[in-house]
Every structure is written in structure tokens, then in C-alpha cells.
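Structure record follows, encoded as C-alpha cells.
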Amino acid sequence: MNKKALIFGISGQDGSYLAELLLEKGYEVTGVTRRVSVSTTERINHILPQITIAEGDITDGFSVNKLISEYEPDEVYNLAAQSHVGTSFKQPSLTWDITAGGVLNILEAIRYSPRKDDIRFYQASSSEMFGKNYDEVENKKYQDENTEFIPQSPYAIAKLAAHHLVRNYREGYGIHGSCGILFNHESERRGENFVTRKITKWIGEFAAWSEGAEFGGAAIILPEHMDLVRIYGRPLNKPEFPKLRLGNLDAKRDWGHAEDYVNAMWLMLQQETPDDYVVATGETYSVRDFLDIAFARVGIDDWSNLVVIDPKFYRPAEVDHLLGIPIKAEEELGWKRKVSFKDLVHRMVDSDLA
Ligand code: NAP
Ligand code: G4F
């Protein structure tokens, strides 16, 4: 009989890749989506005929209970969250209810399920939980499973509460729950308000607007306060384009491709013993580095006059440096990332150009 998977957060970036992976492996996949006024299935429309969509919201314990008893999953993946760190400073209470409280609802549903011992649970923990902390060897700053958590945002604090809840239910009630401490992972399907996609989407739109113009010196840069780009040769009726507005360009992240990371989620649930794993590339780059590679892909070597620093995008507390060491995942799960940082950026730019 085919294994059954229940995915909370199937409409998100990771949910869509995970659903594809599980279908390839022959699973019966049910995905939970919440009722909203517009469709949120854009990332999964292409697989809709092969999956079941169920309505639910992880903040509603009754609906979570019902889903777990009705669909009788072998594996439950919780990818649902208010996942934007910046937004968590603006909507901390909502973030807490979804990102921490929602996980408690799922754990309780599993704990009281008659099938408790047959269910394996994956929780999407985050490298944001490390916050401003890192270990250091020979001037290399890094994080791994032994690094202490000092979270820096309501999002990260909610994720850390959920992380400890999973450990607590694992130790206290014997639930087969594993947490993937995943470092940043992006893709062509990344939400448009995360920095990587915001950059590549802007480049795609800018390239379409300026089609036919020569880059590399051809852009006339207006004074900073005008925040517009003007290009020689553009028709006078549409001569300007808004600059790309960003916050902190010095933050460093360990960026991988989501396609590689969903494989690690699945591998965790294939282990006899549940555990927590760091999933990362072992390399770190700044937002500035991302900009360099992304703009170079369209032939622009100097992007400094196309980007405006807007304090609106600074966070009250920042995470400056993330670099994960995935040795445990590589050795125990046999996981290995395939997509390099440069290929990730190129794939995202190419997709937005297309
Ligand atoms: P995402 O694209 O923002 O997707 C989040 C998903 O959660 C969406 O499907 C969203 O549904 C759903 N959701 C939000 N609130 C919900 C609620 N109350 N009830 C049910 N579903 C709800 O995030 P992602 O990048 O795929 O990340 C997946 C998970 O991994 C998240 O938990 C995130 O915090 C965590 N994570 C991500 C990264 C990363 O770099 N991507 C790294 C570490 C951890 P709607 O479509 O209705 O909004
Ligand atoms: O793309 P970001 O918003 O991702 P962030 O904050 O690292 O969080 C992502 O990764 C986490 C894993 O570490 C996940 F848990 C979380 O769910 C999410 O997927 O910001 C990356 C960096 C930050 O330092 C931010 O301050 O980019 C900086 N940044 C600079 N300008 C910006 C912008 N971030 C955003 N979103 N928008 C900007 O304009």
C-alpha cells in the first residue's frame, strides 16, 4: 500500500517541492490550505489532479485534529508558518499563534490519535533560531546542532518554542518528531518579499522595461532622491523606472535551493529514531554578493546606482551571519545539496527574465 503524507503549508515554496517529491516516490499526498479570498494554489496547480486538497488552519485545533483522524497519514509535514521575519515584528501575536501555537495543535492531535505510534512528524525549524549566536574555529563563524540559540525576532522565538515542543513531545510521549534546522533556501518559487526573489523579480521587470537598451554605462542615474532609473534611448513617454529599494546589504546567509532541502525533510522521516538536523550548504554570502551575481547575469557589473537603501526594510534586530555545517545530515541521512549558490542565483534570475 502507498504511504500517506499530510502536508500543512502545501501552497508555500517548500510545500510545492515536497509534494512533487512525495508523488514521485509514490505517496498519496493530502495538502492543507486555509480559506482565503483569492486562490493560493499557484505553485501546485500543475499537480492538483494528483493530490487531495483539504481545508484547514493550524491555529484551529479542531480542524487539525479532524484532518489527522480523517486522512490517517503515515507522515505529517508541518511547513505552515507566518514565515517572514520582517512581518513578525509587525504582527508578533499572529506569528506566535501560527508559528508556535499551530505546532502545539498538531502535536496534541498526534498525541491523542489512536495511530500515534504509526505517525512520523516533521517540523520546519529554522536557522533564524541561532539569531546572533555562532561558534568559531580558526576565524570561521558557523552554526551546527550544538550551537546555542539566541533568537532575534518574534518569528525566531516562535520557531524556537515549536522546536522545543517537538523535543518535549518526543521525549515525553514518544512521538516520532524530527526538526530540520534549515538554513535559507530559495528557488524560482520563492515568495516575492524575501530578499532574493525581490531582487530577481526586480531584475526581470527592469530587463523587460529596458529591452533593447545597452547596459553597462547606458543607464543614466538620476540623483538619489529621485529614486528612478533613466536609460538613453527610451521613448520619452516612459523614460523612468523605480529603483530597487532594499535594507541591510551586509547580512550574510547560507543560501541553498529548496528542491535539495525538501529531500532532507523526507530523509529525516525515514530514520528509525527521530532527531534534529542542520541542513545547509556550508557557505555564506552577503546580500551584496547575491546582487553582484544576479546583476552580472544580465550584464550589469555596477548596480550601485540602481539600488536605494531604504531604512524601512531594516529590522529592529538583525541576524548578521548564518553559515550552517550540515555534517550530521550528510553522514547520518546521506543528504547532499546539488545546486550551488551561483546556479541558484542564475536559475532565479533566468526564471524571472522568462
Ligand atoms: P512559505 O512559502 O511562506 O509558505 C508558508 C506556508 O504556510 C503557506 O502554504 C501558507 O499558506 C501556510 N500557512 C501560513 N499560515 C497558515 C495557517 N494558519 N494555517 C495553515 N497554513 C498556513 O514558506 P516556505 O519558504 O515554503 O517555508 C516552509 C517552512 O519552512 C515555514 O515554516 C518556514 O518558516 C520554514 N523555513 C523556511 C526557510 C526558507 O529559507 N525557506 C528556512 C527555514 C525554515 P498560504 O499560501 O495560505 O499563505
Ligand atoms: O530574505 P529574508 O527576508 O530572509 P530571512 O530573514 O533570512 O528569513 C528566511 O530564512 C529563514 C532561515 O534562516 C527562514 F526561517 C525564514 O522563514 C525566511 O525564509 O532576509 C534575508 C536578509 C536579512 O538580513 C534582511 O535584513 O536580507 C536582508 N534584507 C535586505 N533588504 C532584506 C531586504 N530582506 C527582505 N525581506 N527585504 C529587503 O528589502
List the pair-distance distribution P(r) of segment 7-80, using every Cα-Cα distance, as the percent of pairs falling in each 5 Å bin from 0 up to the bin containing the longest distance, rounded to whole percents.
3, 16, 32, 27, 16, 6, 1
Where does the chain land at 222 nm, in deg cm²/dmol rounded to the nearest 500, when only DSSP H runs of n ≥ 4 count, each adding -39500 (n - 2.57), divided by all residues?
-10000 deg cm²/dmol
How many times 2.2 N^0.38 Å is the alpha carbon radius of gyration of segment 1-46?
1.15
With at most 15 other Cβ atoms within 10 Å, longest stretch of the chain clear of loop trypsin sites (Lys or Arg not before Pro) (DSSP):
133-335
Segment 129-187: GluC sites (Glu not before Pro) falling in loop per DSSP and having at most 14 other Cβ within 10 Å
Glu138, Glu148
Regarding the chain, what is the average projected area of its C-alpha convex hull, in nm²?
19.3
Just check segment 66-147 against the gyration tensor rule for me: Cα atoms, a ≥ b ≥ c as the square roots of the eigenvalues, rounded for a/c under 1.5, and otherwise prolate or oblate depending on whether a/b exceeds b/c.
oblate
With viscosity set to 1.002 mPa s at 20 °C, what whole-number translational diffusion coefficient in µm²/s follows for segment 102-182 from Stokes-Einstein and a Kirkwood radius over Cα pairs?
157
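Viscosity 1.002 mPa s, temperature 20 °C: Stokes-Einstein D of segment 272-354 from its Kirkwood Cα radius, in µm² per second?
137
Any of Lys141/Lys328; Lys66/Lys159; Lys201/Lys312; Lys4/Lys342; Lys252/Lys336 with alpha carbons more than 28 Å apart? Name them for me.
On the way: Lys141/Lys328 18 Å; Lys66/Lys159 24 Å; Lys201/Lys312 19 Å; Lys4/Lys342 36 Å; Lys252/Lys336 22 Å.
Result: Lys4/Lys342 exceed 28 Å.
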Counting each pair of different Cα atoms once, what's the Kirkwood radius of segment 1-153 in Å, rounded to one decimal?
16.8
Loop-located GluC sites (Glu not before Pro) in segment 23-107, at most 15 other Cβ atoms within 10 Å (DSSP):
Glu42
Between 0 and 90 degrees, rounded to the nearest ten: what's the tilt of helix 102-111 against the longest Cα principal axis of the chain?
20
Listing Ser304, Ser88 by rising number of other beta-carbon atoms within 10 angstrom, fewest first, gives Ser304, Ser88
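Every read-out reported here was derived from the displayed coordinates using simple, explicitly stated rules and does not represent laboratory data. The model shown is predicted, which means the values in this text are computed figures rather than measured ones. As a convention, Cβ positions derive from the backbone with ideal geometry for all residues, glycine included, and neighbour counts pool all protein chains shown.
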